[in-house]
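Each value in this text was obtained by applying a stated rule to the coordinates, not by laboratory testing. All figures in this text were calculated on a predicted structure; none of them were measured in a lab. Glycine also receives a Cβ, built like all others from the backbone with ideal geometry; neighbour counts cover every protein chain displayed.
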Amino acid sequence: MTGVQTCALPIYELVTGVGWHQEVNSRWFYTLDFDLFDRVQNSNSPAVLNAIPPTLLSEPSQAGITGFRRMRFTYANNVRMMSHLTADFGGGWRRETGSSSGVLNGNIPDVFGLTRNSGNGNAELTWASSLLSATAGLRADKTEGFHTVFSPNAGMNLRLGERGPHLKAS
């Protein structure tokens, strides 16, 4: 190839997390989890010319650095209320930060940044016996700048006889 430059540019990426899972007693179990994703990438692309002299259909050169970071924290509980009734509830928080700083065509700045926080909460009840299990729950998600979104759910599983088929609904 004539006149084409290639260049290996570094990408730095970190993915890590830590969790704590604790059985408090025979009826209560909880978890705490945290994870982090971090990525930085450099880019450097030469101009792609469609003709000599170039026309408006040519692609300009681009050079820049882009970064993205996401941190998440979650908390979840499982509590046996009675012999057949279990409650699950929890919540979470997430922060995403992205930025890009670059130049198009050697002289046009291309810069942006975004930071977004979001949170969620959920609760679910489960009834389980030898022939019937049923669940009902609700989740709420809230992201900055948007309305809260609610997601209800319900389901049932009925076993017809000791070895019979199952009827499921949700």
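HN-Hα J couplings of region 134-143 from phi, Karplus 6.51/-1.76/1.60, θ = phi - 60°, integer Hz, Gly and Pro as x?
9, 10, 8, x, 8, 10, 10, 10, 10, 10
Let me know the Kirkwood hydrodynamic radius for region 28-86, please, with Cα pairs as the basis and the value in Å to one decimal.
16.8
Mind checking the alpha-carbon convex hull of region 1-101 and giving the volume per residue in Å³?
So the per-residue Cα hull volume is 172 Å³.
Ignoring solvent entirely, what values of log10 I(q)/I(0) come out of the Debye formula for the chain at 0.12, 0.13, 0.20 Å⁻¹ when each Cα is a single scatterer?
-0.79, -0.85, -1.28
What spacing in nm lies between the two simple spin-label points modelled at Val48 and Ile65, each 7 Å away from Cα in the Cβ direction?
Taking the simple label geometry, Val48 and Ile65 are separated by 2.6 nm.
Rg to Rh ratio, region 95-134, alpha-carbon atoms and Kirkwood radius?
Result: Rg/Rh = 1.60.
So if I take the alpha carbon set of region 59-107, get Rg, then get Rh from the Kirkwood formula, what is the Rg over Rh ratio?
Over the Cα atoms of region 59-107, Rg/Rh equals 1.51.
Under a Cβ-Cβ cut-off of 12 Å, what is the net charge of the residues other than Arg69 that fall near it, where Lys and Arg count +1 and Asp and Glu count -1?
Here the count lands on +2.
Relative contact order for the chain using alpha-carbon pairs under 8 Å, separation at least 6, rounded to a whole percent?
14
Dipole size in debye (nearest 20) for region 26-170 around its Cα centre, Lys and Arg Cβ +1, Asp and Glu Cβ -1?
Rounded to the nearest 20 debye, it is 520 debye.
Taking the Cα centroid of region 93-170 and of region 7-70, what is the distance between the two, rounded to the nearest whole Å?
That distance is 22 Å.
May I have the convex hull volume per residue, in Å³, for the Cα set of region 84-170?
137
Report the relative contact order of region 27-66, percent, no decimals, based on alpha-carbon pairs under 8 angstrom and at least 6 residues apart.
The value is 40 percent.
What nm distance separates the two modelled labels at Arg80 and Leu167, each placed 7 Å from Cα along Cα→Cβ?
2.9
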